[in-house]
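The values are calculated or read from the model by the stated rules, or taken from the named source; none is laboratory data. Note that the structure is a prediction, hence the values are computed from the model and not measured. With ideal geometry, Cβ positions are generated from the backbone for all residues, glycine too; neighbour counts draw on all protein chains shown. Keep in mind that these areas ignore ligands, DNA and RNA; they rest on the heavy atoms of the full protein, side chains included. Shrake-Rupley method; radii C 1.70, N 1.55, O 1.52, S 1.80 Å.
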Amino acid sequence: MPSSLIPAPVRTPAPDHELLVQLLAGIPDPRRRRGVRHPVGALIAVAVCAVVAGARGFTAIGEWARDAGSAALQRLGLERGWVDESTLRRLFARLDADRLDAVLGAWALTRTARVAGRRVIAIDGKTVRGARCGGSTAPHLVAALAHGSGAVLGQVAVSEKSNEIPAARQLIQLLDLDGVVVTMDALHTQHDTATLVTRAGGDYVLTVKANQKSLYTQLKALPWASIPAVTRTDRGHGRRATRSIKVVDVPAWIEFTGARQVAQLRRTVTRRGRRTIEIVYLITSADARTAPPAVLAAWVQSHWEIENRLHWVRDVTFDEDRSQIRTGNAPRVMASLRNTAITLLRLDGHDNIAAALRHHARATDRPISLLLTA
């Protein structure tokens with residue numbers, strides 16, 4: 001079954017020749033000019049290198065900078081050759097997180113490529129649980145991840161009194177979706193979301209589950225028994241997973257903008273003799289020529305890369321949900337730095353992020369060289 005790949009471009013992509021460290025230098029500095037000792041871009045660069053070496057918070061970033069020494073820090077633009085954690089803490093609390101994520105996403109686009117004719121991205125959200133403080137709500141961040149490469153192409157924050165749906169639409173509008181396929185889970189199977197994607201020139205693949213009772217019931221009632229299935233079985237991690245997909249042209253009563261096909265996807269997982277079955281339905285604007293059953297199933301399966309290759313890594317490898325960083329924009333900025341570290345390491349060919357962090361922690365020049373050549 002073919003795999004789906006690569007990202008959607010950001011509307012203002014960075015020039016291919018411009019390095020990440022150069023782009024960071026263009027981030028607006030929120031500090032007053034008086035008393036500023038270090039350029040904002042250099043401080044962000046130091047933090048990125050420290051996170052690539054496994055740093056999880058300001059104390060660890062400050063320790064990495066101290067251990068790196070003045071000569072190494074000067075390579076990142078710190079002429080005075082030192083920085084303390086309090087400087088980073090104050091800066092990141094006030095930094096323009098939207099601008100930072102836009103710059104990082106634009107850079108990530110230029111380091112990925114189109115494969116098999118289509119770019120496919122997954123959009124999904126994650127709560128930074130450790131940043132909850134008192135009566136405040138923990139930040140919830142919605143990210144876009146390139147299928148295949150694992151590069152993070154954008155991130156937006158959910159407004160405190162809102163939910164993930166409008167945030168995802170905001171992120172969609174920040175991406176150039178011309179010729180791109182967008183995969184999203186059942187929460188985002190909304191008419192307005194589908195319209196946004198198709199008007200931008202993209203295709204959507206949306207999941208329908210039992211939480212959308214009426215639509216789910218209507219799709220379930222289609223004559224699936226008479227439709228041939230395309231089936232694939234995978235074995236690994238102590239389990240056997242069989243995925244069967246049946247696809248038909250969209251019925252006339254489907255009102256989603258641009259909808260061309262609907263599908264039934266059955267997942268049968270056997271682990272230690274115990275079998276579980278899940279059936280979901282799909283709506284897509286991609287036609288049968290560009291999205292035959294095997295390709296459509298591959299796109300849906302690859303959607304979960306955003307959970308396994310991004311959210312899980314931030315939770316487990318970086319221990320994000322227990323982070324005590326809570327002030328201002330700092331929780332989101334730290335999440336952005338983790339996204340960047342993961343993207344740098346993925347694009348450098350590392351599949352095991354925990355092992356890659358240990359590798360880069362063993363020598364100061366490794367994360368610095370990775371950043372300066374990215």
Q. So what is the accessible area of region 20-74 per residue, in Å², with the probe set to 1.4 Å?
A. 44 Å²
Q. What angle do you read, to the nearest 10 degrees and between 0 and 90, between the alpha-carbon axis of helix 58-68 and the longest principal axis of the chain?
A. 60 degrees
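Tell me the mean residue ellipticity at 222 nm calculated for the chain from its helices only (DSSP H runs of n ≥ 4, each -39500 (n - 2.57), averaged over every residue, nearest 500). All intermediate terms of the calculation are to be shown ahead of the outcome.
Values: 13 runs with 133 residues, N = 374.
Taken over the chain, the calculation gives -10500 deg cm²/dmol.
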Q: Provide the per-residue ³J(HN,Hα) series for region 215-221, in order, calculated from phi with Karplus coefficients 6.51, -1.76, 1.60 and θ = phi - 60°, each as a whole number of Hz, with x at glycine and proline positions.
A: 5, 4, 5, 5, 5, 4, 7
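In µm²/s, what is D for region 290-358 at 10 °C and 1.306 mPa s, where D = kT/(6 pi eta Rh) by Stokes-Einstein and Rh is the Kirkwood radius from Cα pairs? Don't skip to the end; give the middle numbers.
Details: Rh = 13.7 Å.
For the chosen part, D equals 116 µm²/s.
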(Q) Students often get this wrong, so try it: which of (1) 33, 27, 23; (2) 35, 27, 18; (3) 40, 21, 19 is semi-axes √(5λ) of the Cα gyration tensor in Å as calculated from the structure shown? (A) (3)
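Considering only protein heavy atoms and a probe of 1.4 Å, how much of the accessible area of region 195-340 is carbon and sulfur, as a whole percent? Mind dumping the intermediate values first?
Numbers: 3510 of 7280 Å².
The computed percentage sits at 48.
What is the packing order of peptides 223-231, 139-147, 63-71, 36-44, taking the mean over residues of other C-beta atoms within 10 Å and listing the highest first?
Working: 223-231: 11.8, 139-147: 25.7, 63-71: 16.2, 36-44: 19.8.
Descending mean neighbour count gives 139-147, 36-44, 63-71, 223-231.
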**Q.** Point-charge dipole on Cβ atoms (K/R +1, D/E -1) for region 302-374, about Cα centre, debye to 20
**A.** 220 debye
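Tell me, in nm to one decimal, what length is gained between Arg240 and Asp315 on full extension, where the rule is 0.36 nm per residue of separation less the Cα-Cα distance? Can you show the working numbers first?
Values: separation 75, 0.36 × 75 = 27.00 nm, distance 2.62 nm.
This chain segment gains 24.4 nm when fully extended.
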Q: Pull up all non-local amide H partners of Val120: gap of 5 or more, or a different chain, and H-to-H distance under 5 Å with H placed in the peptide plane.
A: Leu5, Ile6, His147, Val181
Q) Helix 164-174 versus the longest principal axis of the chain: what angle, 0 to 90°, nearest 10, using Cα atoms? A) 70 degrees
Q. Size of the dipole of the chain about the Cα centre, Lys and Arg at +1 and Asp and Glu at -1 on the beta carbon, nothing else charged, in debye to 20?
A. 920 debye
Q.
I'd like the distance separating the alpha-carbon centroids of region 31-75 and region 204-253, in whole Å.
A. 49 Å
Q: Starting at the first residue of region 184-192, write each ³J(HN,Hα) from the Karplus equation 6.51 cos²θ - 1.76 cosθ + 1.60 with θ = phi - 60°, in whole Hz, x for Gly and Pro.
A: 8, 7, 5, 4, 9, 7, 10, 4, 5
Q: Have a look at Ala221, Ala259, Ala157 and tell me which one the Gaussian network model of the chain (Cα, springs below 10 Å) gives the largest fluctuation.
A: Ala221
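Pop the C-beta distance of Ser86 and Arg129 into the FRET formula with R0 = 35 Å and round what comes out to the nearest 0.05. Write out the running numbers ahead of the final one.
Numbers: r = 25 Å, r/R0 = 0.71.
The pair Ser86/Arg129 has a calculated efficiency of 0.90.
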(Q) Among Leu100, Thr327, Leu372, whose Cα projects farthest towards the positive end of the dipole of the chain, with charges put on the beta-carbon of Lys, Arg (+1) and Asp, Glu (-1)? (A) Thr327
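Could you work out how much longer the chain between Ala25 and Asp249 gets when fully extended? Use 0.36 nm per residue separation minus the Cα distance between them, nm to one decimal. List each step's numbers first, then the result.
On the way: separation 224, 0.36 × 224 = 80.64 nm, distance 5.01 nm.
Here the answer is 75.6 nm.
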Q: Enter the angle in degrees (range 0 to 90, nearest 10) between the Cα long axis of helix 85-94 and the first principal axis of the Cα atoms of the chain, meaning the one along which they spread out most.
A: 50 degrees
**Q.** Check: region 161-320 dipole with +1 on Lys, Arg Cβ and -1 on Asp, Glu Cβ, in debye
**A.** 1040 debye
**Q.** Residue (of Ile277, Ile342, Ser226) at the positive-pole extreme of region 225-374, dipole from beta-carbon charges
**A.** Ile277
